[in-house]
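> Have a look at this one before I ask anything.
The values are calculated or read from the model by the stated rules, or taken from the named source; none is laboratory data. What you see is a predicted model; the values in this text were computed from it and never measured. Cβ coordinates were reconstructed from backbone atoms using ideal geometry, including for glycine residues, and neighbour counts include every protein chain displayed. The area values use the complete protein model at the heavy-atom level, side chains included, leaving out ligands, DNA and RNA. Shrake-Rupley method; radii C 1.70, N 1.55, O 1.52, S 1.80 Å.
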Amino acid sequence: MVNISLPDGRHREYQEGTSLLQIAEDISPKLAKNAVAAVFNDKVTDLTTLVYKDGKVQFLDFDHEKARNVYRHSSSHVMAQAVKRLWPETKFAIGPAIDKGFYYDFDTDHTFTPDDFALIEKEMNSIIKSDYPIVRRELSKEEAIQFFADRKEDYKVELIRDLPDDAIISVYQQGEFVDLCAGPHLPSTGKVKAIKLMSLAGAYWRGDENKKMLQRIYATSFPKQVMLDDYLHKLEEARKRDHRKLGKELGLFVLLDEGPGFPFFLPKGMVIRNELENFWRQAHQQAGYQEIRTPIILNRELWEQSGHWDHYKDNMYFTKIDDQDFAVKPMNCPGGILVYKQNLHSYREFPLRTCEMGLVHRHEMSGVLHGLMRVRAFTQDDAHIFMLPEQIIAEIKGVMELVDLFYKQFGFTYHVELSTQPEKSMGTKEVWDAATDALKEALEGQGMAYKINAGDGAFYGPKIDFHLQDSLDRTWQCGTIQLDFQMPEKFDLTYIGEDGEKHRPVMIHRVIYGSMERFIGIITEHFGGAFPAWLAPVQVRVLPITEKQHEYAAQVMDNLKAAGIRAESDPRSEKIGYKIREGQLQKIPYLLILGDKEVQSGTVAVRHRKEGDLGQQGLEAFSAMVSAEIKDKVIR
RNA sequence: GCCGAUGUGGCUCAGAGGCAGAGCAGCUGAUUCGUAAUCAGCAGGUCGGCGGUUCGAAUCCGCCCAUCGGCUCCA
């Protein structure tokens, strides 16, 4: 007999060789029904695992991330099996679970099209209906290579060859289909319920662009049809919020064939952009920054000195002026450094904080451009801080507080990642360790939880990245703080210390919005186009019901404009319902409906885009309310 | 850059070898209306670009450009 302990502290005895699934059934049929995988002695494992020793067990349902991955992974095997049945020549690469589903990479002469989806789904459903048991087997490395070589599964053979010689290699079988897989898996194919193939994509074998491009099918699966429907509905909602769609509908910006990756900002988009800049400028003045502006085009020598000419050339644009080589700046730091070098600096000036709305150009590959999120010309809300080594921690804390102030303003939550020394980097390990420790200390001093991205730092120093989460739970990297001991060296930056001697300053590079373009894209999706009043291109629209109220409408307009509110009126001879509809679609925060009643009482009938009809208010009261909402940057 | 798809009035889309269409938006006129679409008329397109096949190409073929979904990369 084996003694099994359960999460609630109870113990049960079972025959040796009892499966975890049987144990679950013994505890409760419902538990067994919902169980996707089990954790036995702290290891996630198949429900079909037979128990031969004492241990503690916990059953995981679909709500657990680990179980969800098992569920999706088994789903990917079902998809692979279906594809193999339909196109027997297909070779398999890998088919993992991912965040919201799974994919499988195939190598086949058949080119998949979305028309194949119905066919594959049908076959998958037939496999699910057959409810094949999913059986684990273990082979030696040699046996496994032989097994997959016989089946001409070249990719699997390559994968196995990379495993250690003494590795025990597991394969999972369902019906006629066998796949190399570490597992764990569902007990049978019938456990998979609602499936949907989502999209097709090319993907390089092992993510290497020099290797063969395979065909990837993305799909997802859920244990209940309603969960799948709900997921698809959310995707649909996300599409409605797509900043490219909203940007067009709300007249914020356009991307044209004439300038791929170079966005045009339209008048309404510029209002948002300017408001973001105003907020930025005011917050930075308060935080002790001095604003500068450096040129977009600078000569070759500068870029050679900074290292960009050698290390960043593929991403840069070049030009010639009077036969001399120049480059369009891909980063602002060399310009900022030149500004620093205009004066002799004393330690008394430190920390010296300079900030710049810096327009940079980077040549991105055509395939990666994406609305405002990934462009070829963008403005960074950059800053370079020069300081003493002993000021690092306090200064980083200061930047983190500023970042927090900014993100809270938009209602974003965020998490932090720390990236450490990459393989290709400048400087000694000691300097890197000191810098990395300084960042850690600053993070810990702020009580900030963080994740480490080993080897993901910039070539000149480690960095902290801020990833903010939007209203659809997607994350975006925006802010970064990079500690740099290298550029000061390359550019021979100095300051005069207390001792009267020259010393080397430390430098921080940092952005908060990241890029104005991307940030505008993100907040457009985050707010679904319904920007808070302080950002809204039009804050109030005045809607006279008939021509009789035009004069009063003009008075109201004058009043609002005098109060500094962005107001416009819609005097067209359309029905009020029509004007309201248009105002709603434009997501204008407030619509003022003006009829005879309002004219007589000298009031305005207020409609809020989300809260609907708010009733009549005095014009002064309304104006004061909106002004306060704008001033306090209220999200409503 | 690579794989796949797409490209038709300002917008959303139909048309799949034989006269370029619809709805919305726009303009003109009528209507003067109370919280998400009033009616009528008018105007608007070298069907992404270049080349080819054909008596005839938006439609078939080739190349290029851009966009979309991914790979890779990143603010």
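> Would you pick out the residues in segment A:564-584 that are more than 22 Å from A:Ala530 (Cα to Cα) and either open to solvent by less than 60 Å² (accessible area, probe 1.4 Å) or among the basic types (Lys, Arg) (or both)?
At the first step, the residues of segment A:564-584 found to be more than 22 Å from A:Ala530 (Cα to Cα) are A:571-575.
A:Arg572, A:Lys575, listed by residue number.
> Are any residues in segment A:456-477 within 11 Å of RNA strand B (Cβ to nearest atom) and either open to solvent by 30 Å² or more (accessible area, probe 1.4 Å) or basic (Lys, Arg) (or both), and if so, which ones? I'd like the intermediate steps shown before the answer.
Just the residues of segment A:456-477 that are within 11 Å of RNA strand B (Cβ to nearest atom), to begin with: A:456-459, A:463, A:465-468, A:474-477.
A:Asp456, A:Phe459, A:Lys463, A:Arg474, A:Thr475, A:Trp476, A:Gln477 - these are the residues of segment A:456-477 that are within 11 Å of RNA strand B (Cβ to nearest atom) and either open to solvent by 30 Å² or more (accessible area, probe 1.4 Å) or basic (Lys, Arg) (or both).
> So which residues in segment A:235-244 are more than 17 Å from A:Phe265 (Cβ to Cβ) and within 14 Å of RNA strand B (Cβ to nearest atom), if there are any at all?
Once the filter is applied, which keeps residues that are more than 17 Å from A:Phe265 (Cβ to Cβ) and within 14 Å of RNA strand B (Cβ to nearest atom), segment A:235-244 yields A:Leu235, A:Glu236, A:Ala238, A:Arg239, A:Lys240, A:Arg241, A:Asp242.
> Next question. Does segment A:98-110 contain any residue that is away from RNA strand B (no atom under 16 Å from the Cβ) and either on the phi > 0 side of the Ramachandran plot or at pLDDT 90 or above (or both)?
Applying the first criterion (away from RNA strand B (no atom under 16 Å from the Cβ)) to segment A:98-110 yields none.
The answer is no, given that none of the residues of segment A:98-110 is away from RNA strand B (no atom under 16 Å from the Cβ) and either on the phi > 0 side of the Ramachandran plot or at pLDDT 90 or above (or both).
> Which of the residues belonging to segment A:1-34 are within 17 Å of A:Val135 (Cα to Cα), in a strand (DSSP E or B) and small (Gly, Ala, Ser)? It would help to see each step written out before you state the result.
Initial filter on segment A:1-34 (within 17 Å of A:Val135 (Cα to Cα)): A:17-22.
With in a strand (DSSP E or B) added as a condition, the list becomes A:18-19.
If the condition is that a residue be within 17 Å of A:Val135 (Cα to Cα), in a strand (DSSP E or B) and small (Gly, Ala, Ser), then A:Ser19 is the only one that fits.
> Okay, moving on. Before we move on, is A:Ile635 under 35 Å from the mean Cα position of the chain (by Cα), open to solvent by 60 Å² or more (accessible area, probe 1.4 Å), of a type in the set (Val, Ile, Thr) and at pLDDT 95 or above?
yes
> Scan segment A:604-627 residue by residue and report those that are among the polar types (S, T, N, Q), under 18 Å from A:Ala554 (Cα atoms) and more than 11 Å from RNA strand B (Cβ to nearest atom).
Within segment A:604-627, just A:Ser623 meets the criteria.
> Follow-up. Within segment A:53-83, can you find the residues that are of a type in the set (A, V, I, L, M) and touching a His at 6+ places or on another chain (Cβ under 7 Å)?
Filtering segment A:53-83 for residues of a type in the set (A, V, I, L, M) gives A:57, A:60, A:67, A:70, A:78-80, A:82-83.
Within segment A:53-83, just A:Val70 meets the criteria.
> Additional query: Mind listing just one residue for me: the one in segment A:96-144 that is crowded, with 20+ Cβ neighbours inside 10 Å and without any contact (Cβ under 8 Å) to a residue 40 or more places away in the chain and, of those, farthest from A:Asp162 (Cα to Cα)?
Step by step, filter segment A:96-144, then rank; the result is A:Ala97.
> Could you tell me whether any residue of segment A:246-259 is aromatic (Phe, Trp, Tyr), in a loop (DSSP other than H, G, I, E, B) and within 16 Å of RNA strand B (Cβ to nearest atom)?
First pass over segment A:246-259, keeping only residues aromatic (Phe, Trp, Tyr): A:253.
Then keep just the ones that are in a loop (DSSP other than H, G, I, E, B); that gives none.
Taking every residue of segment A:246-259 in turn, none turns out to be aromatic (Phe, Trp, Tyr), in a loop (DSSP other than H, G, I, E, B) and within 16 Å of RNA strand B (Cβ to nearest atom).
> May I pose another question? Looking at A:Thr45, is it open to solvent by less than 60 Å² (accessible area, probe 1.4 Å), within 28 Å of A:Val178 (Cβ to Cβ) and touching a helix residue (DSSP H, G or I) at 6+ places or on another chain (Cβ under 8 Å)? Give the steps one after another, and end with the answer.
Details: open to solvent by less than 60 Å² (accessible area, probe 1.4 Å): yes; within 28 Å of A:Val178 (Cβ to Cβ): yes; touching a helix residue (DSSP H, G or I) at 6+ places or on another chain (Cβ under 8 Å): yes.
So A:Thr45 passes the test.
> Moving on. What number of residues within segment A:443-455 are open to solvent by 60 Å² or more (accessible area, probe 1.4 Å) and either part of a helix (DSSP H, G or I) or within 22 Å of A:Val506 (Cα to Cα) (or both)?
Applying the first criterion (open to solvent by 60 Å² or more (accessible area, probe 1.4 Å)) to segment A:443-455 yields A:444, A:446-447, A:449-452, A:454.
Among the residues that remain, those that are also either part of a helix (DSSP H, G or I) or within 22 Å of A:Val506 (Cα to Cα) (or both) are: A:444, A:446.
Of the residues in that region, 2 qualify.
> Determine which single condition A:Ser601 fails, assuming it passes every other condition in (1) closer than 23 Å to A:Ile635 by Cβ; (2) open to solvent by 20 Å² or more (accessible area, probe 1.4 Å); (3) more than 8 Å from RNA strand B (Cβ to nearest atom).
Tallying (1) closer than 23 Å to A:Ile635 by Cβ; (2) open to solvent by 20 Å² or more (accessible area, probe 1.4 Å); (3) more than 8 Å from RNA strand B (Cβ to nearest atom), A:Ser601 fails exactly one: (1).
> If I go through segment A:268-295 residue by residue, how many of them are part of a loop (DSSP other than H, G, I, E, B) and either touching a Leu at 6+ places or on another chain (Cβ under 6 Å) or without any contact (Cβ under 8 Å) to a residue 60 or more places away in the chain (or both)? Can you show your working first?
Of segment A:268-295, the ones part of a loop (DSSP other than H, G, I, E, B) are A:287-289, A:292-295.
This time we only want the ones that are either touching a Leu at 6+ places or on another chain (Cβ under 6 Å) or without any contact (Cβ under 8 Å) to a residue 60 or more places away in the chain (or both), so: A:287, A:295.
Of the residues in that region, 2 qualify.
> Sticking with this one: Farther than 22 Å from A:Gly288 by Cα and modelled with pLDDT of 85 or more: which single residue out of A:Met426, A:Met373 fits that description? So that I can check it myself, show each step before the final result.
Working: A:Met426 fails: modelled with pLDDT of 85 or more.
Sole residue among the options that is farther than 22 Å from A:Gly288 by Cα and modelled with pLDDT of 85 or more: A:Met373.
> Could you please let me know if A:Phe378 is buried (at least 18 other Cβ atoms within 10 Å of the Cβ), in the same structural domain as A:Thr480 (by TED's automatic domain parsing) and closer than 30 Å to A:Gly500 by Cβ?
Criteria not met by A:Phe378.
> Given the conditions (1) farther than 20 Å from A:Glu489 by Cα; (2) buried (at least 18 other Cβ atoms within 10 Å of the Cβ), and given that A:Gly367 satisfies all but one, which numbered condition is not satisfied?
So the condition that A:Gly367 fails would be (2).
> For the subset of segment A:190-209 comprising residues that are outside any strand (DSSP E or B) and within 10 Å of RNA strand B (Cβ to nearest atom), which member is most open to solvent (accessible area, probe 1.4 Å)?
Step one: list which residues in segment A:190-209 are outside any strand (DSSP E or B), which gives A:190-193, A:205-209.
Narrowing further to those that are within 10 Å of RNA strand B (Cβ to nearest atom): A:205-209.
On the way: A:Trp205: 14, A:Arg206: 107, A:Gly207: 68, A:Asp208: 49, A:Glu209: 126 Å².
So the residue we want is A:Glu209.
> Next up: Tell me which residues, restricted to segment A:22-38, are surrounded by 20 or more Cβ atoms within 10 Å (Cβ to Cβ) and closer than 20 Å to A:Asn3 by Cα.
To start, the set of residues in segment A:22-38 that are surrounded by 20 or more Cβ atoms within 10 Å (Cβ to Cβ) comprises A:23-24, A:35-38.
Scanning segment A:22-38 gives A:Ile23, A:Ala24, A:Ala37, A:Ala38.
> Here is a further query. Looking at segment A:300-319, I want the residues that are closer than 11 Å to A:Lys490 by Cβ and have a partner that is open to solvent by 40 Å² or more (accessible area, probe 1.4 Å) with Cβ atoms under 6 Å, at least 6 apart or on another chain. Which pairs are those?
Pairs that qualify, where the first residue is closer than 11 Å to A:Lys490 by Cβ and the partner is open to solvent by 40 Å² or more (accessible area, probe 1.4 Å): there are none.
> Can you work out which of the residues in segment A:478-536 that are within 16 Å of RNA strand B (Cβ to nearest atom), open to solvent by 20 Å² or more (accessible area, probe 1.4 Å) and in a helix (DSSP H, G or I) is nearest to A:Ile396 (Cα to Cα)?
Taking the candidates together, the pick is A:Arg518.
> If I filter segment A:216-234 down to residues being open to solvent by less than 40 Å² (accessible area, probe 1.4 Å) and within 18 Å of A:Asp115 (Cβ to Cβ), which single residue comes out as nearest to the chain's Cα centre (by Cα)?
A:Ala219
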